[in-house]
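See below for the structure under consideration.
The values are calculated or read from the model by the stated rules, or taken from the named source; none is laboratory data. This is a predicted model, so every value here is computed, not measured. Here the Cβ is made from the backbone with ideal geometry for all residues, glycine too, and neighbour counts use every protein chain on show. Accessible surface areas use protein heavy atoms only, side chains included; no ligands, DNA or RNA. Shrake-Rupley method; radii C 1.70, N 1.55, O 1.52, S 1.80 Å.
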Amino acid sequence: MTTPLRLGIAGLGTVGTGVVRIIQNHAGLLAARSGRTITISAVSARSKGKDRGVKLDAYAWEDDPVALAQRDDVDVFVEVIGGSEGPAKLSTEAAIAASKDVVTANKALLALHGQELAEAAEAQGLLIRFEAAVAGGIPAIKALTEGLAGNEITRVMGVMNGTCNYILTRMESAGLPYETVFEEARALGYLEADPNLDVGGIDAGHKLSLLSAIAFGTRVDFANVELEGIGAISIEDIRQAADMGFRIKLLGVAQMTGRGLEQRMSPCLVPASSPLGQLQGGTNMVVLEGDSVGQIVLRGAGAGSGPTASAVISDVIDIARGNRLSTFGQPARTLRAARAAKAAVPAPYYLRMQLIDKPGALAKVARVLGDGGISIDRMRQYGHEDTTAPVLIVTHKTTRSALDEALEGFSATGVVAAPTVAIRIEAV
Ligand code: HSE
């Protein structure tokens with residue numbers, strides 16, 4: 001057997017301790033599969049004395065992750081600190097400068113700085129691997145970079161924030177409003193320290209931008225992911241979407257269109273019977289479509305100690321085996337800068353409006369849609385509430401810009417009593 005592969009682990013939270021546990025519990029299995037023993041030389045975290053439920057006394061301790069990254073007895077720097085700036089970025093840069101391969105679970109770091117970090121690493125023949133950064137335990141990066149490497153990727157989709165999926169499915173199953181379920185999620189410890197990372201779609205948007213880079217050979221472009229969170233989704237929309245055979249998901253979609261790269265992370269309606277529609281609780285799903293393979297669906301835990309550590313270890317094993325893949329599946333300097341196309345692909349939309357109950361109200365709304373070239377597919381009016389009535393419309397395919405014009409046009413009709421909710425229906 002060749003020399004051991006020696007890790008330095010920066011960050012001993014949920015993921016870091018999960019990594020330590022797998023290395024301690026599966027030493028023989030990892031060695032057999034890698035052809036090398038995998039050892040931990042040193043670890044680093046904010047507080048040394050804390051009981052983390054794993055034995056750490058065999059490893060050297062560094063208070064500073066930068067010092068950990070520079071140690072001579074570390075071959076691979078495992079960054080599981082988190083955050084796009086500060087210690088995570090500094091220590092990753094230090095690891096590259098010290099000629100170490102890097103394994104990271106940090107989606108924010110790579111979404112914002114992945115291009116320059118990958119170029120710096122690759123210029124020295126080093127690796128940055130990040131299976132754990134996207135959809136936790138689901139091997140989505142491996143599927144794209146290796147399993148589907150012979151395909152032109154046509155579309156990437158995913159529910160990649162378990163907290164949002166938990167909130168949306170719990171709202172539906174318990175009939176509870178957003179605010180109540182948000183507080184439940186907070187009490188259960190599901191929310192990030194900054195909850196907007198979850199419910200604002202940012203965390204999932206980071207993940208989508210990384211998948212896009214691999215799928216389309218483009219530079220990571222998080223700035224052009226159209227982001228819309230789930231904070232405005234009401235229990236009425238969830239109920240009424242269900243009534244029409246749909247579920248609302250925070251869905252990421254990336255596709256290359258004639259007008260450029262479209263990347264969206266937003267609430268969408270999907271058929272309740274589809275795999276995405278069936279996805280319950282905190283689970284993630286990644287859907288990949290290629291010209292030869294067709295569609296594949298990957299489903300599993302998107303967060304948590306075991307699943308995320310499982311993904312970190314798969315990268316470590318790849319390095320131990322000598323599987324030296326470029327960060328984004330092709331050299332970072334060969335990635336193209338894509339033109340960003342905002343919601344270029346037409347889609348049907350769900351509209352929920354509150355109409356004033358007077359003769360001709362519906363006709364006025366229908367005229368605005370008709371004048372904008374938007375055709376109605378289905379329509380329902382529910383019981384009157386005092387002087388207004390909720391009306392649901394499902395349109396045929398239209399562009400977002402035509403829809404936005406129609407939404408503006410509604411205000412001039414004098415019959416629309418509240419802002420209209422418009423949610424895209426994604427063909428999945
Ligand atoms: N907060 C994320 C989620 C996990 O709820 O899926 C880390 O990206």
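Below, the figures for the structure above:
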read-out: Selection count, the range 135-166, where residues are of a type in the set (G, A, S) and not in a loop (DSSP other than H, G, I, E, B); value: 5
read-out: Any hit, the range 210-229, residues being open to solvent by less than 10 Å² (accessible area, probe 1.4 Å), over 30 Å from G53 (Cβ atoms), within 16 Å of the ligand (Cβ to nearest atom) and not in a loop (DSSP other than H, G, I, E, B); value: yes
read-out: Any chance K100 is basic (K, R) and more than 23 Å from V134 (Cβ to Cβ); value: no
read-out: Of all residues making up the range 249-305, the number that are closer than 23 Å to L351 by Cβ and not in a strand (DSSP E or B); value: 5
read-out: Test: R239 is loosely packed, with under 15 Cβ neighbours inside 10 Å, of a type outside the set (S, T, N, Q) and either assigned to a helix (DSSP H, G or I) or free of Cβ contacts under 8 Å to residues at least 60 places away in the same chain (or both); value: yes
read-out: Some residue of the range 280-302 being within 14 Å of the ligand (Cβ to nearest atom) and within 20 Å of T395 (Cβ to Cβ); value: no
read-out: Set I202, I167, I153, I214: member being closer than 15 Å to G281 by Cβ, modelled with pLDDT of 95 or more and among the aliphatic types (A, V, I, L, M); value: I167
read-out: Answer from E179, E146, E116 - the residue that is assigned by TED's automatic domain parsing to the domain that holds G201, open to solvent by 40 Å² or more (accessible area, probe 1.4 Å) and away from the ligand (no atom under 13 Å from the Cβ); value: E179
read-out: Where a residue in the range 180-201 is without any contact (Cβ under 8 Å) to a residue 24 or more places away in the chain and its partner, wherever it lies, is open to solvent by less than 60 Å² (accessible area, probe 1.4 Å) and more than 11 Å from the ligand (Cβ to nearest atom), with Cβ under 7 Å and at least six apart; value: V181/M171
read-out: Checking Q278 against (1) at pLDDT 95 or above; (2) touching a Leu at 6+ places or on another chain (Cβ under 7 Å), the condition it does not meet; value: (2)
read-out: Flag for A337 being out of contact with any helix residue (DSSP H, G or I) (no Cβ under 9 Å at 6 or more places or on another chain) and either β-branched (V, I, T) or more than 30 Å from R380 (Cβ to Cβ) (or both); value: yes
